[in-house]
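Data first, discussion second: the structure below is written as structure tokens.
The values are calculated or read from the model by the stated rules, or taken from the named source; none is laboratory data. As the structure is a prediction and not an experimental result, all values here were calculated from the model. We place every Cβ from the backbone using ideal geometry, glycine too, and count neighbours over all the protein chains shown.
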Amino acid sequence: MMAHLTLAGTIHLVLALLCSTVGLIQFLRPKRGAGHRARGYFYVYAMLVSDGTTLLIHRFTGHFNVFHVAAIVNFACIVLAVVPLLRMPRPSNWRSIHYHFIAWSYVALMSAAAINTALRLLPLTMRNQCGLTALIVSVATMTIAHLVIRKYRPPSDVAAPSTGLAWQAGAPS
């Protein structure tokens, strides 16, 4: 399978597959601690390299295409997910920002994998069939992801106004 891949394609494929696994582990495991941080660093660095190698691959259509745009958007999601972690002091909603951007980065990875798999396995003969298939797979992936992301989002870091007032008044919260 990998015999026909370029060096950039091989690096991209290996890192994307590893990020698929690490991202799933990150989603399923607790979100704190050294393990989460280590897996997170691996995911971030590996995705940045994977996105970079995507820009070097033109074999699918022969030119810049929607996969390249998706890699740029994914790169932006990763940067936007990491920035709140690096700021000191962290913004009050840093967990929510980090969760949403990193989650959508993972969705982009899964969507690209699903589209790539569908385009390679389905007997599509015309360019418009490929575009329609990619659109359908992408919308389906993002719809499911939206529901999952909403369901598992972290609790708000910002205290409710009533909690702050009760605490200031001396009442136990």
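Listing for the model above:
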quantity	calculated
Region 122-138 residues that are free of Cβ contacts under 8 Å to residues at least 12 places away in the same chain, paired with ones that are of a type in the set (Lys, Arg) and surrounded by 10 or more Cβ atoms within 10 Å (Cβ to Cβ) (beta carbon under 7 Å, 6 or more apart)	none
Test: residue in region 66-87 that is in contact with a helix residue (DSSP H, G or I) (Cβ under 9 Å, 6 or more places away or on another chain), surrounded by fewer than 16 Cβ atoms within 10 Å (Cβ to Cβ) and not in a helix (DSSP H, G or I)	yes
Test: residue in region 27-40 that is surrounded by 16 or more Cβ atoms within 10 Å (Cβ to Cβ) and under 20 Å from ALA145 (Cβ atoms)	yes
Neighbours by Cβ (under 6 Å, 6+ apart or cross-chain): first from region 91-119, more than 17 Å from LEU24 (Cβ to Cβ) and of a type in the set (Phe, Trp, Tyr); second at pLDDT 95 or above and in a helix (DSSP H, G or I)	PHE101/CYS77; PHE101/LEU80; PHE101/ALA81
Residues of region 1-58 that turn out to be among the charged types (D, E, K, R), in contact with a helix residue (DSSP H, G or I) (Cβ under 9 Å, 6 or more places away or on another chain) and assigned to a helix (DSSP H, G or I), as a count	2
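Matching residues to (1) surrounded by fewer than 17 Cβ atoms within 10 Å (Cβ to Cβ); (2) modelled with pLDDT of 85 or more; (3) under 22 Å from ASP51 (Cα atoms):
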residue	(1), (2), (3)
ILE115	no, yes, yes
ARG127	yes, no, no
LYS151	yes, yes, no
PRO172	yes, no, no
